[in-house]
Amino acid sequence: MLCKISFSSDESIHLPMSYNYIIQSVLYRFINEESYADFMHNKGYSFNKRSYKLFSFSNVLEKPSFIDREKKRFVFPKDISLYFSSVNNDFFKYVFNSIINIDEGVNIGQNKAVISKIELIRQNISQKETVAAMSPITTYSTLLTSENRKKTYYYNPDEEEFSLNIRKNLINKYMALYGDEPANDEFRIVPKKNIRESIIKYKGFIIKGYTGSFDIEGSQELMDMAFCAGLGSKNSQGLGLIVKENLANR
């Protein structure tokens, strides 16, 4: 499921150029049920010793009014919005319950705002779609150099491994959620247009990903997982949220 949430402030909203952790913290604070919050924070859905939170969120949808390069921050308008998605309806239930009971506004980093609108969006997902990446899609491998040091290699959309790794990741997410393999595990992603590399920092780590328009095709099970949980890795850190292309500029 997909949700669009809008915030309004009395002043321009200032965020660092890598603001994923700030938005993630806002969403986690919305989960007002202790056991579920602990599950999402510390456990998630497990498969092959890996944990998947199975939710994602987009970049801020509005363009910055100004980029303060000296202070390395974006200056956004007073009204901003973003998408978030999850495979679990409980995630939305707890978020909505929390929002209903908020009286004093929301802290987005150093900014004080209120929630001006929240909208649930149901997308009718077919087995072939053109999608927009509303936050960068990242997939990578950890390699050993000739000096026997670990190195992270991020794949770009023109490399075959980009699609293969994303498919494998979707299968793992499916198995983490349902405990069984999908009946059909076909999936592929092909870059279409406006592909851009994005480099962000998350808690001091550098992550490389790609936004733009992509054609995706696969089994209904994996297509649904892609839209709900996100494509690629690090979805709960604000990477890999996709929407149908007609929603990109909504």
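Rule-based calculations on the coordinates, nothing more; no lab input. Remember, predicted model here, so these are calculated numbers, not experimental data. All Cβ positions, glycine included, derive from the backbone under ideal geometry; neighbour counts span all protein chains shown.
Structure data summary
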| item | result |
| --- | --- |
| Anisotropy class of region 103-155 from Cα gyration tensor, a/c 1.5 cut | oblate |
| J(HN,Hα) series, region 193-199, from Karplus relation 6.51 cos²θ - 1.76 cosθ + 1.60, nearest Hz, glycine and proline x | 7, 6, 6, 10, 7, 10, 10 |
| Dipole magnitude of region 23-106 about its Cα centre (Cβ charges: Lys, Arg +1; Asp, Glu -1), debye to nearest 20 | 540 debye |
| Inter-part distance where region 177-205 and region 214-234 are each reduced to a Cα centre, Å | 7 Å |
| Among 134, 175, 225, residue whose mean-square fluctuation peaks in a GNM of the chain (springs only between Cα atoms under 10 Å) | 175 |
| Dipole magnitude of region 128-247 about its Cα centre (Cβ charges: Lys, Arg +1; Asp, Glu -1), debye to nearest 20 | 720 debye |
| Which labelled figure in [x] 16.6, 50; [y] 17.9, 57; [z] 20.6, 68 is Rg and Dmax of the Cα atoms in Å, once derived from the coordinates | [y] |
| Cα gyration tensor, region 2-121 - rounded (a/c under 1.5), prolate or oblate | prolate |
| Within region 5-49, trypsin sites (Lys or Arg not before Pro) in DSSP loop having at most 11 other beta-carbon neighbours inside 10 Å | 49 |
| Which of 216, 183, 116, positive extreme of dipole for region 85-225 (C-beta unit charges) | 116 |
| Qualifying GluC sites (Glu not before Pro) in region 6-35, DSSP loop, other Cβ atoms within 10 Å at most 13 | 11 |
| GNM top mover of 96, 84, 39 - the chain, alpha-carbon springs below 10 Å | 39 |
| Choice from 132, 37, 226 with maximal GNM fluctuation in the chain (Cα, 10 Å cutoff) | 37 |
| Summed side-chain charge close to residue 188 - residues other than residue 188 whose Cβ falls under 11 Å, Lys, Arg +1, Asp, Glu -1 | -2 |
| Calculated from backbone phi, Karplus (6.51, -1.76, 1.60) coupling profile of region 45-58 in Hz, x at Gly/Pro | 9, 10, 7, 6, 6, 10, 10, 10, 7, 6, 9, 8, 8, 8 |
| Coil-residue GluC sites (Glu not before Pro) of region 39-125, DSSP, other Cβ within 10 Å capped at 12 | 70, 104 |
| Residue-wise HN-Hα coupling along region 22-28, computed from phi with Karplus coefficients 6.51, -1.76, 1.60 (Hz; x: Gly, Pro) | 5, 5, 4, 5, 4, 5, 4 |
| The chain - mean residue ellipticity at 222 nm from DSSP helices (-39,500 (n - 2.57) per run, n ≥ 4, rounded to 500) | -7000 deg cm²/dmol |
| Spatially proximal aspartates and glutamates relative to residue 193 (Cα-Cα < 18 Å; intrachain offsets below 8 disregarded) | 129, 158, 159, 160, 215, 217, 245 |
| Interchain or long-range residues, amide H under 5 Å from residue 234's placed H | none |
